[in-house]
Amino acid sequence: MCKAQLEITELKEELRVQKLKYTEIEQKYKNLKRSAHKEKSKGKDKDSLLHDKDALIALHARRFGVMNEMFPSKDVFLQPRPEDINSDDSDRWENDENAKRCVIAELYEEMPKSLHDMLEKTTTFRDTVQSILCSGEVIY
């Protein structure tokens, strides 16, 4: 009987160690699952943020097309904001260069400040604006 009791005690100790290992592994699994979910959520946030930016660009592009220039040329994009001219400058129609600079100023005046960096530096902004305006999608 003594040998059986000793064996039972050893088995109980082994079971306790295995339960501890199981709990530790289970906790690691939960942490990994949680961090994977957070990473996936971050990706969704980025996608939705990009989608929100595209929607904002599209909205302002439509407004710009109706209120300002229906077909702005590609060379008015990827330009810094002209500092010495406004969209309503009295010399706007004197030459093509002034007209172009006034349209650039007009873009900056009509677009929210949050989009100015994209307007100056990204082709996706230009492409989105031009595709919206060329598609004929306008709002009234």
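FYI, it's all coordinate maths here, none of it is from the lab. The structure displayed is predicted, hence computed values, not measured ones. Cβ placement follows ideal geometry from the backbone for every residue including glycine, while neighbour counts extend to all protein chains displayed.
Can you give the local net charge around residue 8? Use residues other than it whose beta-carbon is closer than 14 angstrom to its beta-carbon, Lys and Arg +1, Asp and Glu -1. Walk me through the intermediate numbers first.
Numbers: positive: 3, 12, 16; negative: 7, 10, 13, 14.
Residues close to residue 8 contribute a combined charge of -1.
When the helices in the chain are scored as -39500 (n - 2.57) per DSSP H run of 4 or longer and the sum is shared across all residues, what 222 nm value do you end up with, to the nearest 500 deg cm²/dmol? Could the numbers behind the result be given before it?
On the way: 4 runs with 100 residues, N = 140.
Value at 222 nm, helices only: -25500 deg cm²/dmol.
So if we plug the beta-carbon distance of residue 71 and residue 109 into 1/(1 + (r/R0)^6) with R0 = 25 Å, what FRET efficiency do we get, rounded to 0.05? Kindly include the intermediate steps, with their values, before the conclusion.
Working: r = 18 Å, r/R0 = 0.73.
E between residue 71 and residue 109, to the nearest 0.05, is 0.85.
Would you mind putting 119-132, 77-90, 2-15 in packing order, based on average other-beta-carbon counts within 10 Å, highest first? It would help to have the intermediate numbers written out before the result.
Working: 119-132: 17.1, 77-90: 13.3, 2-15: 9.3.
The densest-packed peptide leads the list: 119-132, 77-90, 2-15.
Helix 123-135: angle to the longest alpha-carbon principal axis of the chain, degrees 0 to 90, nearest 10?
Between the helix axis and the principal axis of the chain, the angle is about 60 degrees.
Mind ranking 60-70, 29-39 by how tightly packed they are, going by the mean number of other C-beta atoms within 10 angstrom, highest first?
Values: 60-70: 16.6, 29-39: 10.0.
Ranked by mean Cβ neighbours within 10 Å, highest first: 60-70, 29-39.
Give the angle, between 0 and 90 degrees and rounded to the nearest 10, that separates the Cα long axis of helix 2-67 from the longest principal axis of the Cα atoms of the chain.
The angle comes out at about 10 degrees.
Answer with one residue from 102, 112, 131: the one whose Cα lies farthest towards the positive end of the charge dipole of segment 73-140, charges on Cβ with Lys, Arg +1 and Asp, Glu -1.
Farthest towards the positive pole: 131.
How big is the charge dipole of the chain about its Cα centre, in debye rounded to the nearest 20, if each Lys and Arg gets +1 on its Cβ and each Asp and Glu gets -1 on its Cβ?
Working: 25 positive and 28 negative charges, 332 e Å.
The calculated dipole for the chain is roughly 1600 debye.
Compute the separation of the alpha-carbon centres of segment 11-40 and segment 80-140 and state it in Å as a whole number.
The distance from the Cα centre of segment 11-40 to that of segment 80-140 comes to 57 Å.
Determine the gain in length on full extension of the stretch residue 15-residue 93; use 0.36 nm per residue of separation and subtract their C-alpha separation, reporting nm with one decimal. Each step should come with its number before you reach the end.
Values: separation 78, 0.36 × 78 = 28.08 nm, distance 8.86 nm.
Here the segment from residue 15 to residue 93 would lengthen by 19.2 nm.
Along the charge dipole of the chain, pointing to its positive end and built from +1/-1 on Cβ of Lys, Arg, Asp and Glu, which listed residue (25, 58, 15) has its Cα farthest out?
The listed residue farthest towards the positive side: 15.
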